[in-house]
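A short worksheet on the structure shown next.
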Ligand code: C5P
């Protein structure tokens, strides 16, 4: 029997990735955090494609795609991203990457570059993918689609805690501003904007725990 393809979209810091990771373990399928791909390309640009004023030179980035080798290693069901053989899992969580990723992700060239690798990972089924455009663009025929939301204050708290646990210095005001700006750029961009798919199940998890969100998602997967 073909294992399910599950799309989880939603606003920044609604817990999409950590929730998807646990669901993947419970269902014995793989998990891809697509935000990590956009963060990876942004990290590459910050290392290699800067203008003199420190801003990202998009033309330089677009002409460097051939030099970007993205590799997924399966670590207990979690696809860990390596860029040119470097494990960038922690480097992509820095504030510098967070502050630039939505600008990079709104570029058509970047989205085209990353689209095919996401789709081909889902061809055999058995995957949960989280991001912003999974249910609408990447996997419009996914078996199950969910869209997560939560209040900005709750999301700020969660993201701040995540950064602290990673040992990344930050403050709540900065975190909140970054979430608001990213959501705005992600929702308003022309290509593959952040939006709920018409057939997605919406879950507001402001007042419910991560475990309850997982239970809720699993109940749909079992019942449909
Ligand atoms: O999920 P995460 O917050 O790590 O994503 C970082 C950024 O990557 C988002 O703010 C968005 O700009 C971009 N992204 C996207 N499409 C996806 C996943 C992430 O544009 N499918």
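Readers should treat all values here as calculations from the given coordinates under stated rules, not as data from a laboratory. Not measured: the values here are computed from a predicted model. Here Cβ is always computed from backbone atoms with ideal geometry, including for glycine, and neighbour counts include all displayed protein chains.
Summary of computed values
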read-out: Qualifying residue in the range 123-146 (condition: away from the ligand (no atom under 13 Å from the Cβ) and within 22 Å of residue 185 (Cβ to Cβ)); value: no
read-out: Single unsatisfied condition, residue 157 versus (1) closer than 26 Å to residue 47 by Cα; (2) more than 10 Å from the ligand (Cβ to nearest atom); value: (1)
read-out: Test: residue in the range 3-21 that is more than 11 Å from the ligand (Cβ to nearest atom), surrounded by fewer than 20 Cβ atoms within 10 Å (Cβ to Cβ) and closer than 17 Å to residue 125 by Cβ; value: yes
read-out: Enumeration of residues in the range 62-82 that are in contact with a helix residue (DSSP H, G or I) (Cβ under 7 Å, 6 or more places away or on another chain) and within 15 Å of the ligand (Cβ to nearest atom); value: 70, 78, 81
read-out: Criterion (free of Cβ contacts under 8 Å to residues at least 12 places away in the same chain and either assigned to a strand (DSSP E or B) or under 22 Å from residue 110 (Cβ atoms) (or both)) met by exactly one of 9, 66; value: 66
read-out: Spans of helices (runs of 4 or more DSSP H) in the range 71-172 with at least 1 residues under 14 Å from the mean Cα position of the chain (by Cα) and farther than 28 Å from residue 208 by Cβ; value: 95-105, 108-122
read-out: Hey, residue 46 farther than 30 Å from residue 152 by Cβ and within 16 Å of the ligand (Cβ to nearest atom) or not; value: no
